[in-house]
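The values are calculated or read from the model by the stated rules, or taken from the named source; none is laboratory data. Because the structure is predicted, anything quoted here is derived from the model rather than measured. Cβ: placed from backbone, ideal geometry, glycine included. Neighbour counts: every protein chain shown.
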């Protein structure tokens, strides 16, 4: 009887570890999908608007930058 209980406890512990692993993988996939959606949305922006964003300090390489580079006109105008 103790052996059966021990097997069940191990099985439950293994299932919990597997669920935790899957939760981490799902979180990573959600982050990746958000990143791809933002990049795709940025690439669909018209060229003239992307040019204005570049002049305003937004980086060319990192399409999902949190903030633009410093510009002297930043206090009164934001893209």
Q. Using beta carbons and a limit of 6 Å, which pairs, at least six apart or on different chains, have the first residue in segment 32-50 and at negative phi and touching a residue at least 12 places away in the same chain (Cβ under 8 Å) and the second one part of a loop (DSSP other than H, G, I, E, B) and surrounded by 10 or more Cβ atoms within 10 Å (Cβ to Cβ)?
A. 38/64; 39/63; 42/63
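For segment 11-29, does any single residue satisfy the condition of being part of a helix (DSSP H, G or I), touching a residue at least 24 places away in the same chain (Cβ under 8 Å) and out of contact with any helix residue (DSSP H, G or I) (no Cβ under 6 Å at 6 or more places or on another chain)?
no
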Q: Only one of these is modelled with pLDDT of 90 or more, surrounded by 10 or more Cβ atoms within 10 Å (Cβ to Cβ) and under 25 Å from the mean Cα position of the chain (by Cα): 65, 37. Name it.
A: 37
**Q.** Check on residue 7, surrounded by 10 or more Cβ atoms within 10 Å (Cβ to Cβ), modelled with pLDDT of 90 or more and in a helix (DSSP H, G or I)
**A.** no
